[in-house]
Amino acid sequence: MDAAAQLVSRIQAWGQELSFSQIGVTGVDLSSAEPGLLAWLAQGFHGEMDYMASHGLKRARPAELIPGTLSVITARMDYLPKDTPHGWQASELARLERPDEAIVSVYARGRDYHKVLRARLQKLAEKIAEAVGPLGHRAFTDSAPVLEAELASRSGQGWRGKHTLVLNREGGSMFFLGEIYVDIALPPSEPVSEHCGACTACIGICPTQAIVAPYQLDARRCISYLTIEHAGPIPEDLRPLMANRIYGCDDCQLACPWNKFAQRSPLADFDPREGLSGATLIELFAWSEEAFLRRTEGSPIRRIGHERWLRNIAVAMGNALRAADDLAIRAALGERTSHPSDVVREHVVWALAQHCDQAPVVERPV
């Protein structure tokens with residue numbers, strides 16, 4: 001084994017010590033991914049995520065993003081809480097049968113993954129620098145124009161599922177991805193073959209049909225995008241399809257057979273915080289802005305702000321009223337009819353109308 005290969009083995013061992021599930025390496029030539037990226041942007045599938053287009057092809061050109069980059073070290077980290085029970089996929093889907101319960105995506109119930117991964121990637125980079133001397137590097141985790149899934153699949157972390165997420169035979173898709181761009185040449189890891197076969201479970205279960213074709217996601221219809229990235233009013237035709245999902249959506253992953261192999265994280269960081277698993281819509285809708293900021297400190301949820309939080313919950317409350325008229329939910333919504341935000345007020349009015357057979361047309365604020 002030559003020195004570079006030995007270094008990769010050491011990096012993988014250090015990664016394991018830092019609770020990463022797997023470490024891989026790939027080169028910087030992603031030119032074959034550029035046509036697909038350009039086509040996706042041309043169709044407008046990125047919605048209001050203007051940063052996806054503003055960086056142009058730097059996303060597919062690591063050496064342009066960080067000059068001097070010769071290799072990319074990829075990392076994945078499992079995030080299922082350590083006490084996740086057997087049959088957890090069915091348990092999560094069962095939350096949809098309780099329309100007064102707020103559903104927060106599994107990944108967002110604990111500490112902000114950006115903070116967890118970035119700190120550990122930096123420690124890994126420091127270990128590499130100790131071994132090789134001065135090291136030009138930059139660590140990322142969902143924080144820059146990086147083709148994370150492409151880099152992960154090229155470096156053997158898994159294959160791209162039809163929902164566009166990376167799938168791993170031993171870990172499903174319930175993991176985060178991170179990268180370290182480095183200015184040293186390392187031997188690449190072997191990619192793995194895909195194992196989705198004829199399965200289309202993820203496409204069939206998507207509530208809003210956001211997976212418009214295998215391997216093609218229209219973010220503008222995705223509930224994760226609508227509840228997190230999208231500002232302003234949520235399109236009215238999509239609101240009933242959101243059910244009681246108030247932050248993100250896991251349905252395509254819950255339907256995936258490979259996630260029966262999803263691994264539990266040993267880290268307490270990803271254990272659910274009080275109030276973010278099993279809470280009622282009424283409880284969370286009552287949070288003041290101060291309470292929201294306090295309860296979501298260090299959480300990925302904080303980035304959407306109190307206004308979008310209330311907007312999302314109002315939609316879920318309207319959907320709950322459609323399932324069964326509930327005086328307590330109507331009363332809670334009534335408390336917000338004079339909210340200073342036009343967006344919140346509009347969604348509250350829409351929600352209150354849902355217990356009627358015919359919801360009135362609500363003029364959206366300009």
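What is the angle, in °, between the Cα long axis of helix 113-132 and the longest principal axis of the Cα atoms in the chain? Nearest 10 is fine, range 0 to 90.
Value to nearest ten degrees: 10.
Using only Cα atoms and rounding to the nearest 10 degrees, what angle (0 to 90) does helix 305-323 make with the longest principal axis of the chain?
60 degrees
Can you list the aspartates and glutamates whose alpha carbon sits under 17 Å from that of LYS127, skipping same-chain ones fewer than 8 residues off?
Counting by Cα, and skipping residues close in sequence, LYS127 has these aspartates and glutamates nearby: GLU17, GLU179, ASP183.
Place +1 on the Cβ of every Lys and Arg and -1 on the Cβ of every Asp and Glu in the chain, take the dipole about the Cα centre, and give the residue among SER71, PRO207, TRP350 whose Cα lies farthest towards its positive end.
In the chain, that residue is SER71.
Placing +1 at every Lys and Arg Cβ and -1 at every Asp and Glu Cβ, with all other atoms neutral, what dipole size does the chain have around its Cα centre, in debye to the nearest 20? Please report the intermediate quantities before stating the final value.
Details: 38 positive and 45 negative charges, 74 e Å.
That gives the chain a dipole magnitude of about 360 debye.
Among VAL182, CYS249, ILE228, whose Cα projects farthest towards the positive end of the dipole of region 118-267, with charges put on the beta-carbon of Lys, Arg (+1) and Asp, Glu (-1)?
Going by the Cα projections, it comes out as CYS249.
Quick one: angle between helix 3-17 and the longest Cα principal axis of the chain, in degrees between 0 and 90, rounded to 10, please.
Orientation of helix 3-17: about 30 degrees from the principal axis.
Calculate, for SER9 and GLN122, the FRET efficiency according to 1/(1 + (r/R0)^6) with r their C-beta to C-beta distance and R0 22 Å; round to the nearest 0.05.
Plugging the Cβ-Cβ distance into 1/(1 + (r/R0)^6) gives 0.60.
Quick one: net charge of ASP271's neighbours, Cβ under 12 Å, K/R +1, D/E -1?
Result for the neighbourhood of ASP271: +2.
How large is the translational diffusion coefficient of region 216-337 in µm² per second when you combine the Kirkwood radius over alpha carbon pairs with Stokes-Einstein at 37 °C and 0.692 mPa s?
It diffuses with D of about 207 µm²/s by this estimate.
Can you return the aspartates and glutamates within cross-link range of LYS82? Criterion is Cα-Cα under 14 Å, with same-chain partners fewer than 8 residues away left out.
Excluding near neighbours in sequence, the set is ASP269, ASP271.
Return the loop-located GluC sites (Glu not before Pro) in region 226-319 (DSSP other than H, G, I, E, B) with at most 16 other Cβ atoms within 10 Å of their own Cβ; answer none if there are none.
Answer by residue number: GLU236, GLU274, GLU297.
Taking the alpha-carbon distance from LYS162 and a cut-off under 25 Å, which lysines remain once sequence neighbours fewer than 8 residues away in the same chain are dropped?
LYS58, LYS260
By per-residue mean of other Cβ atoms within 10 Å, what is the highest-first order of 311-320, 123-132, 248-257?
The most tightly packed comes first, giving 311-320, 248-257, 123-132.
For the chain, what is the mean residue ellipticity at 222 nm derived from helices alone (per DSSP H run of n ≥ 4: -39500 (n - 2.57); sum divided by total residues; nearest 500 deg cm²/dmol)? Walk me through the numbers on the way to the answer.
Working: 14 runs with 126 residues, N = 366.
The per-residue figure over the chain is -9500 deg cm²/dmol.
Coordinate-derived values only; no laboratory data. Keep in mind that this is a model prediction, so the values were computed, not measured. Virtual Cβ from ideal backbone geometry, glycine too; neighbours counted across all protein chains shown.
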